[in-house]
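Some notes on the structure that comes next.
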Amino acid sequence: MIWVALRKENTLLGCIAIYRQQVRPFSEKEIALLENFAAQAVIAMENARLITETREALEQQTATAEVLGVINSSPGDLAPVFDAMLEKALHLCSADYGVLWIRDGDVIRAGGDPRGDRRVCRIPAQRAGAGRRRYVGRARST
């Protein structure tokens, strides 16, 4: 059996292990080939990580652009803006529940209900600094 580490700098990412039932040493050529495969596997893992990060960044930029579009199309009307913000936050964070809390003077209320599930989000307004905490959730549609 031979084990070859998958390393990026000084970080161990995994290993490739091969064996054969016949007892005999692996040749230098076989070892070099396996080391080359390990190096290629590390490159593939890094590429996959970078692609994922790029996709996530693009998704976040797209969500921001969509919220800005809602802001531009809803001058003076904050409800669609808050709905869009909460919707994008739920999607980007893969969250099941979310509430956007809005402070209006000395009152704090739940706002933003992109899926229209008012049953779950309906709570009485709270006075700022009242010392009460309420946790409200809304199921994310699948």
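The values are calculated or read from the model by the stated rules, or taken from the named source; none is laboratory data. Quantities reported herein were computed from a predicted structural model and do not represent experimental measurements. A quick note on method: Cβ atoms are made from the backbone with ideal geometry, for glycine too, and the neighbour counts reach across all protein chains shown. Ligands, DNA and RNA are excluded from the accessible area calculation, which covers all protein heavy atoms including side chains. Shrake-Rupley method; radii C 1.70, N 1.55, O 1.52, S 1.80 Å.
Within the bounds of region 10-31, is there any residue that is part of a helix (DSSP H, G or I) and surrounded by 10 or more Cβ atoms within 10 Å (Cβ to Cβ)? Taking every residue of region 10-31 in turn, at least one turns out to be part of a helix (DSSP H, G or I) and surrounded by 10 or more Cβ atoms within 10 Å (Cβ to Cβ).
When LEU50, LEU68, LEU12, LEU33 are checked against the criterion of being under 18 Å from the mean Cα position of the chain (by Cα) and without any contact (Cβ under 8 Å) to a residue 12 or more places away in the chain, a single residue qualifies: LEU50. Just one of the listed residues (LEU100, LEU86) is open to solvent by less than 50 Å² (accessible area, probe 1.4 Å) and in contact with a helix residue (DSSP H, G or I) (Cβ under 7 Å, 6 or more places away or on another chain), namely LEU100. Residues that are surrounded by 12 or more Cβ atoms within 10 Å (Cβ to Cβ) and within 30 Å of HIS91 (Cα to Cα) occur at least once in region 45-55. Against the definition (in a loop (DSSP other than H, G, I, E, B), at pLDDT 85 or above and open to solvent by 50 Å² or more (accessible area, probe 1.4 Å)), how does PRO75 come out, yes or no? No: the conditions fail for PRO75. On the basis of being touching a Phe, Trp or Tyr at 6+ places or on another chain (Cβ under 8 Å) and either in a strand (DSSP E or B) or under 30 Å from ALA110 (Cα atoms) (or both), does ALA89 make the cut? So ALA89 does not fit the description; no. In the set LEU68, LEU92, only one residue is in contact with an Asp or Glu (Cβ under 7 Å, 6 or more places away or on another chain) and open to solvent by 60 Å² or more (accessible area, probe 1.4 Å); that residue is LEU92. Just one of the listed residues (GLN60, GLN40) is open to solvent by 80 Å² or more (accessible area, probe 1.4 Å), at pLDDT 95 or above and assigned to a helix (DSSP H, G or I), and it is GLN40. The set of residues in region 103-114 being charged (D, E, K, R), surrounded by 13 or more Cβ atoms within 10 Å (Cβ to Cβ) and either assigned to a loop (DSSP other than H, G, I, E, B) or touching a helix residue (DSSP H, G or I) at 6+ places or on another chain (Cβ under 6 Å) (or both) consists of ASP113 alone.
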